[in-house]
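Before any comments, here is the structure.
The values are calculated or read from the model by the stated rules, or taken from the named source; none is laboratory data. The model shown is predicted, which means the values in this text are computed figures rather than measured ones. Every residue, glycine as well, gets a Cβ built from its backbone with ideal geometry; the counts of neighbours run over all protein chains shown.
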Amino acid sequence: MYSIRFIYISIKFLYELLTNFKKTETWAFHFLKELEIKFNGQFDKNVIKKVAKYQTIQLFFVANHFSNLYGRNNNKIEQERNLLFFLMSVLYDNFIDEKQINEDKLDLLFYQPQHTIPSSFNERVYIYLHQSLINQVEEKNSYLTIYEKLHLVQKKSIIQFNEKTTIEEILSITTSKGGLTLLLCRHYLMTPVSNNIDNCWYALGGLIQMTNDLFDTYKDTKEGIYTFANKVKDLKAIYSIYENQIICLKKYIKSLPVSRSKKTAFAIRLSFIASFGLIAIKQISMLHDDNFRLPDFKKVERKKLIIDMEKPISIIKFMFYAYKTGALWK
């Protein structure tokens, strides 16, 4: 029965991706162009590409799955909020990563956007996005509390450039940053609220952040950023960390206030995210020695850490791991 359910949901999901992914991405490009006209400026081309791509991925691989629990996909209002958030997040990250503004200005933009005098196009847009989303969400106090925690974690993440930062500190930042980000995204949906739902969002956020870190192993290593993917040198430990996060997510899925059938479908859909991470771990596993120790990634060439998801073998592995991970009741 599970096999048939997995095949049906996988085909349905693939059909949605093939028929709507590009359309949604194009809509995002047009929306961002309208913002450029409204605020009389231009986004960096990389910002536009990143926001258009990743807000679309978020919609199809995450947000729609939560709405599916209640028999629908995200509506236009929810999709627009999702895009605004991703644009705001990318601008915020650029403020920090590219040192576009100092920490005092960053705090002012976050805590008192209405009293901030913007000195650039990006700052004008960020203020608009921040205030617009605050005004749209229903649970404003909850939203602002979560966003403040994320703001503080983002600032704390600077310690990931320090080689002496412990794996415990890195994992705390990783799960918090990913979890809090998705808890914000939950506020953009018009779906029922419960602690069980929030626990699912948070656990999934941690898994997504870990998956991103695994895929970005080469890039992060080159940029001097320490993540659990390049800090831990024991392959079995890396797998255990990732597997435990999957187990945590499954535990919360089982506690959702919906039918067993919906939980099963939900777990299968989210298994595609976990599958990406398992493929990345498989790629890294090709580098271990006889004691499962991993090398210094600074000395590993790029092609051995980059994953080509278009290869037939990668697609086969992807479906295998998804099938294995999506089995909620085994």
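Would you say K233 is of a type in the set (K, R) and at pLDDT below 95? Taking the combined requirement at face value, the residue satisfies it.
When the residues of segment 112-122 are filtered to those that are assigned to a helix (DSSP H, G or I) and without any contact (Cβ under 8 Å) to a residue 24 or more places away in the chain, which remaining residue is farthest from the chain's Cα centre (by Cα)?
Ranking the candidates gives H115 first.
Listed by first and then second residue, the pairs with beta-carbon distance under 6 Å, at least 6 apart or on different chains, first residue in segment 211-234 and farther than 23 Å from N291 by Cα, second crowded, with 16+ Cβ neighbours inside 10 Å and of a type in the set (A, V, I, L, M, F, W, C), are T211/F276; D213/A229; F215/A280. Against the condition crowded, with 20+ Cβ neighbours inside 10 Å and either touching a strand residue (DSSP E or B) at 6+ places or on another chain (Cβ under 6 Å) or assigned to a helix (DSSP H, G or I) (or both), how does I238 come out, does it pass? Judged against the criteria, I238 is a match. On the basis of being under 22 Å from F61 (Cα atoms) and not in a helix (DSSP H, G or I), does M309 make the cut? Yes.
Listed here are the residues, each with its yes/no results for (1) among the aliphatic types (A, V, I, L, M); (2) under 30 Å from S261 (Cα atoms).
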residue	(1), (2)
L14	yes, yes
A28	yes, no
F31	no, no
K38	no, no
F43	no, no
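Summed over segment 256-281, residues that are closer than 18 Å to W329 by Cβ and not charged (D, E, K, R) total 13.
For (1) among the basic types (K, R); (2) modelled with pLDDT of 95 or more; (3) under 30 Å from E98 (Cα atoms), each residue gets a yes or a no:
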{"site": "L214", "(1), (2), (3)": "no, yes, yes"}
{"site": "S240", "(1), (2), (3)": "no, yes, no"}
{"site": "I247", "(1), (2), (3)": "no, yes, no"}
{"site": "K251", "(1), (2), (3)": "yes, yes, no"}
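Of everything in segment 282-293 that is surrounded by fewer than 21 Cβ atoms within 10 Å (Cβ to Cβ) and out of contact with any Pro (no Cβ under 9 Å at 6 or more places or on another chain), the residue that is nearest to G71 (Cα to Cα) is K282. Scanning segment 1-35 for residues that are closer than 25 Å to S271 by Cβ, of a type in the set (G, A, S) and under 23 Å from the mean Cα position of the chain (by Cα) returns a single hit, S10. Closer than 26 Å to N64 by Cβ, in a helix (DSSP H, G or I) and of a type in the set (A, V, I, L, M, F, W, C), is that true of I170? Judged against the criteria, I170 is not a match.
Filter segment 269-323 down to residues that are out of contact with any Ser or Thr (no Cβ under 6 Å at 6 or more places or on another chain) and aromatic (F, W, Y) and give me whichever is nearest to I238 (Cα to Cα). My answer is F292.
Residues that are acidic (D, E) and surrounded by 22 or more Cβ atoms within 10 Å (Cβ to Cβ) are absent from segment 166-188. Within segment 312-323, residues that are in the same structural domain as K282 (by TED's automatic domain parsing) reach partners that are hydroxyl-bearing (S, T, Y) and assigned to a helix (DSSP H, G or I) with beta carbons closer than 6 Å, at six or more positions or on different chains, in the pairs F318/S275; Y321/S275; A322/S271; A322/S275.
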